[in-house]
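Accompanying notes for the structure given below.
The values are calculated or read from the model by the stated rules, or taken from the named source; none is laboratory data. Source: prediction; values computed, not measured. Here the Cβ is made from the backbone with ideal geometry for all residues, glycine too, and neighbour counts use every protein chain on show. Ligands, DNA and RNA are stripped out before the accessible areas are found, and what is left, the full protein with its side chains, is counted by its heavy atoms. Shrake-Rupley method; radii C 1.70, N 1.55, O 1.52, S 1.80 Å.
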Amino acid sequence: MADLKDVAVLQEYLIPDEGQAAFTQLQAFLAQHELNEQGRLPPERELCDILGVSRGALRKALAIAESEGRIWRHVGKGTFLGSKPNETISPSLTVANLASPIEVIRARLTIEPALAREAAVNASTADLEELRLCAERGREASNWRQYENWDNRFHRAVAKATQNKLLVLMFDNLNSIRRTVVWGRRREDIGGPPADHHSFLEHEAIVEAVTDRNPLESERAMRIHIDTVSRKLLNSN
């Protein structure tokens with residue numbers, strides 16, 4: 001029988017997509033951004049703009065980070081990085097600081113097409129609705145951080161649609177690492193994704209294939225998408 005503590009840890013990872021997407025953004029920001037000497041995070045309103053998330057989503061992300069001992073809050077003074085002097089660094093963030101973009105790309109090409117294939121077989125009606133929502137909101141994003149947040153949520157929705165908790169956990173770790181690795185990349189389009197951004201049609205192709213319950217086409221659509229993302233990322237470095 002599973003230990004209650006282990007169950008609680010598993011539930012921490014399997015949180016609503018809105019909170020997990022924001023948490024991924026927060027982890028990437030904390031890994032790549034130098035805070036002031038006190039380690040204080042920006043105010044919530046400013047942090048929402050930086051991460052491209054809503055206030056509600058940010059608070060869920062901060063709650064997760066606090067439960068893991070990554071941040072602590074002092075009423076009236078703010079939110080600070082860390083919680084205990086002897087706290088260890090998150091394994092995923094350690095890997096992210098060592099991983100190369102090529103390693104992230106190869107990991108994504110190995111894992112995410114397979115997740116899309118499984119999603120086509122197992123997705124529920126709610127999963128399909130979440131995929132459509134994420135694709136639509138990503139297209140409507142007014143800046144890159146908002147787009148990244150919906151992109152995080154879209155890819156996690158694919159993983160969640162597999163109905164396999166272990167695969168979701170694997171995806172969450174991979175996604176945290178890949179977002180951290182690319183957080184600081186320079187964008188040619190300062191405002192946000194252009195109307196013809198490649199991911200819009202590619203995300204829609206994935207949604208269509210999963211909705212049609214076509215495993216092979218879902219896998220192929222995801223592979224095409226990650227191939228395109230990979231070329232764009234490598235050409236920008």
Tell me, which residue of the stretch 174-198 that is at pLDDT 85 or above and in contact with a Ser or Thr (Cβ under 8 Å, 6 or more places away or on another chain) is farthest from LEU115 (Cα to Cα)? PRO193
For residues that are buried (at least 17 other Cβ atoms within 10 Å of the Cβ) and not hydrophobic (A, V, I, L, M, F, W, C), scanning just the stretch 224-237, find the one that is modelled with the highest pLDDT. HIS225
Would you pick out the residues in the stretch 199-225 that are more than 10 Å from PRO113 (Cβ to Cβ) and among the hydroxyl-bearing types (Ser, Thr, Tyr)? SER199, THR211
Residues located in the stretch 109-123, provided they are of a type in the set (A, V, I, L, M) and either in contact with a Ser or Thr (Cβ under 7 Å, 6 or more places away or on another chain) or free of Cβ contacts under 8 Å to residues at least 60 places away in the same chain (or both): LEU115, ALA116, ALA119, ALA120
Which one of these is hydroxyl-bearing (Ser, Thr, Tyr) and under 16 Å from ALA107 (Cβ atoms): SER230, SER142, SER199? SER230
Quick one: in the stretch 109-133, which of the residues that are polar (S, T, N, Q) and assigned to a helix (DSSP H, G or I) is least open to solvent (accessible area, probe 1.4 Å)? ASN122
Among the candidates GLU208, GLU202, residue that is open to solvent by less than 60 Å² (accessible area, probe 1.4 Å), at pLDDT 95 or above, under 18 Å from LEU128 (Cβ atoms) and of a type in the set (Asp, Glu): GLU202
Out of (1) at pLDDT below 85; (2) small (Gly, Ala, Ser); (3) under 21 Å from ILE177 (Cβ atoms), the odd one out for ALA61 is which? (1)
Selection within the stretch 134-147 - open to solvent by 10 Å² or more (accessible area, probe 1.4 Å) and either over 12 Å from HIS203 (Cα atoms) or among the small types (Gly, Ala, Ser) (or both): ALA135, GLU140, ALA141, SER142, ASN143, TRP144, ARG145, GLN146, TYR147
